[in-house]
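Comments concern the structure below.
Every number in this text was worked out from the coordinates using simple rules, so none of it is lab data. Here the structure is a predicted model, which is why all the values come from computation and not from measurement. Cβ: placed from backbone, ideal geometry, glycine included. Neighbour counts: every protein chain shown.
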Amino acid sequence: MRIDRELLSGSALQVAPVLLGATLVSSIGGAEVLVRITEVEAYEGALDAASHAFRGQTKRNAVMFGEAGRLYCYFVYGMHWCANITCGRPGTAAAVLLRAARILDGEPVAQARTVARTQSRHSPAKLASGPARLARVLGLTGEHTGLDLLDRRSPVQLTALPAAGAEPPADYRTGPRVGVAAAAEHPWRFWLPDEPSVSAYRPGGRKRVAATRQTDAP
DNA sequence: TTGTCGATTGAG
DNA sequence: TCAATCGACAAT
């Protein structure tokens, strides 16, 4: 089934599981890489303390407030790019972080991009295991933010959903987001079972617990 | 203008 | 377990 914008216009929580199993193709740099999404995370707007859009619109997160189906890439830890697909209605911020994928075609290109950055090779299953690794094999950086993934002329396109169509896959798993301290109580991570590319879980970083006030409040 | 920290990764 | 490495944003 073809992916349309309406399908992506729901909340991040609704859209995230639907993207599991979808295929994404990048022809950036003249080399084609095709992947099947195996792991994602939902990020809402004002109601999600872990979202880049939590404190309102800024230059960086502006695309999250626009129409669904656009690419949102951000730079993190001074060296990595991570990619999201925007969702929700215009005016409402929401996006789905692409955390891992299985490489269906273009593995040599993916491997070459990895070696170029790390000086070392990865096993096929790990080439796109993790948001920064996935963005790397696809050649995605900040300059690609805003690209319409539903436009056939775009160098990066969301091509198709699995046979099930607009429904989430029959079998998938959910859990807390990886490396996110805020709003950790919600299962906003979705992944396909038995997929070697799915990244390892890691609890959120320091939450800087408000003072080590062990004693009870007055 | 300055200081803090991050939706991570790879080496040790 | 920890360093790398820098842009965004809140605080000054």
Using every alpha carbon pair in the stretch A:44-163, what percent of pairs falls into each 10 Å bin from 0 up to the bin containing the largest distance? 14, 42, 32, 12, 0
How do A:Phe75, A:Phe54, A:Phe65 line up, fewest other C-beta atoms within 10 Å first? A:Phe75, A:Phe54, A:Phe65
List, in order, the whole-Hz ³J(HN,Hα) value for each residue of the stretch A:134-151 obtained from phi through the Karplus relation with A = 6.51, B = -1.76, C = 1.60 and θ = phi - 60°; use x for Gly and Pro. 5, 4, 5, 5, 8, x, 7, 9, x, 5, 9, 4, x, 4, 8, 6, 9, 9
P(r) weight above 18 Å for the stretch A:1-93, C-alpha pairs, percent: 47 percent
Under DSSP loop assignment and at most 15 Cβ neighbours within 10 Å, longest trypsin sites (Lys or Arg not before Pro)-free interval of chain A: A:61-120
Label-point separation in nm, A:Ala170 to A:Tyr201, each point 7 Å along Cα→Cβ: 2.5 nm
Filtered GluC sites (Glu not before Pro), the stretch A:16-97: DSSP coil and at most 16 other beta carbons within 10 Å: A:Glu32
Once you keep just the Cα pairs under 8 angstrom separated by 6 or more residues, what percentage relative contact order results for chain A? 26 percent
How would you rank A:Tyr72, A:Tyr201, A:Tyr77, going from fewest to most other Cβ atoms within 10 Å of each one's own Cβ? A:Tyr77, A:Tyr201, A:Tyr72
Stokes-Einstein diffusion coefficient for chain A at 20 °C in a medium of 1.002 mPa s, Rh from the Kirkwood formula over Cα pairs: what value in µm²/s? 122 µm²/s
Taking A:Leu8, A:Leu161 and counting other C-beta atoms within 10 Å, the order from fewest to most: A:Leu161, A:Leu8
Chain A: angle of helix A:107-118 to the longest principal axis, Cα-based, in degrees nearest 10: 50 degrees
